[in-house]
Amino acid sequence: MTIGDTISEVTATLTVDKTTVTEGGQITYTVTLTNAAGLPMGAHGPLEFTLSDGTVVKIPANGTSGTASITVNDDIFTGGQPAIVNKLESVSGAEQFEQLTLGQDKYTTVVTDEPGSGDPTNNEGDKITVTIESNGDVLEDAAPKFTVKVDQVLKQDLTVTLSNGDTVVIKAGTTETPYELKAQGDDVYKDGQTVEVGVTDAVIDGKSFENLVLGDKAAVTIG
């Protein structure tokens, strides 16, 4: 007499711990094995499940679940990041089961800016600081010189507006640029006069910052 083997299906189900996350936060995915017949599943080797974004969730030998966490991208601009959408795409080690079925539910996690981003009060957004520094006092016939700085390297040009209406550009990949006023002679600059220049704004085309911090004015004394 031949005894047939009834196909026992094991289902792998994906779940996620968050539907919304702030930039720089973590999302944890869990894969769980179940079977409708309630049969034991404690005699298998390791399993590796790959999600849509390439994340791998591992279930150890003889286990029924496994987790993997990812850190969400973060930047200094308002607007958050694209939503993260994942589902089970493939599995390594499925041949150990008579039938291992991957659940096809998709899970979307929306990525938002940190609380208060773009708001001058209670701002928890990622800071970018732009400052201006004096290069030292000068004589009457010399040009007052300054250095405009940003505290991190950017991938795009940063246009900085000064308190006198002038603008300077800190080039992508650099963190500072020189700025100088014209030396106008004794008719304008008197002995001991002080010239102050501050920063009033800083922008990258098409983007706004989560938390833009502007430094104090810089002063040059004309001797």
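The values are calculated or read from the model by the stated rules, or taken from the named source; none is laboratory data. In this text the structure is predicted, and so the values were computed from the model without any measurement. Every residue, glycine among them, receives a Cβ derived from its backbone with ideal geometry; neighbour counts consider all protein chains shown.
Details
- Out of 137, 166, 105, one residue alone is farther than 27 Å from residue 209 by Cβ, at pLDDT 95 or above and of a type in the set (D, E, K, R). It is 105.
- Test result for residue 195, touching a Leu at 6+ places or on another chain (Cβ under 8 Å) and either touching a residue at least 24 places away in the same chain (Cβ under 8 Å) or not in a loop (DSSP other than H, G, I, E, B) (or both): yes
- Of all residues in the range 95-104, those satisfying the criterion of being surrounded by 12 or more Cβ atoms within 10 Å (Cβ to Cβ) and within 36 Å of the chain's Cα centre (by Cα) are 101, 102, 103.
- Every residue from the range 72-94 that is surrounded by 12 or more Cβ atoms within 10 Å (Cβ to Cβ) and over 14 Å from the mean Cα position of the chain (by Cα): 85, 86, 87, 88, 89, 91, 92, 93, 94
- Count of residues meeting criterion [modelled with pLDDT under 95 and closer than 22 Å to residue 109 by Cα] in the range 35-64: 0
- Residue match in the range 8-29 (condition: out of contact with any strand residue (DSSP E or B) (no Cβ under 6 Å at 6 or more places or on another chain) and of a type in the set (A, V, I, L, M, F, W, C)): no
- Filtered residues of the range 124-151 (kept if in a loop (DSSP other than H, G, I, E, B) and surrounded by fewer than 18 Cβ atoms within 10 Å (Cβ to Cβ)): 124, 135, 136, 137, 139, 140, 141, 142, 143, 151
- The set of residues in the range 44-94 that are polar (S, T, N, Q) and more than 30 Å from residue 152 (Cβ to Cβ) comprises 50, 52, 62, 64, 65, 67, 86, 90, 92.
- Pairs, first over 30 Å from residue 100 (Cα atoms) and not assigned by the TED database to the domain that holds residue 33 in the range 65-88, second at pLDDT below 95 and surrounded by 14 or more Cβ atoms within 10 Å (Cβ to Cβ), C-beta under 7 Å, six or more apart: none
- So residue 61, is it in contact (Cβ under 8 Å) with a residue 40 or more places away in the chain, farther than 30 Å from residue 206 by Cα and either surrounded by 14 or more Cβ atoms within 10 Å (Cβ to Cβ) or aliphatic (A, V, I, L, M) (or both): no
- Residues (without any contact (Cβ under 8 Å) to a residue 24 or more places away in the chain and among the hydrophobic types (A, V, I, L, M, F, W, C)) located in the range 137-158: 153
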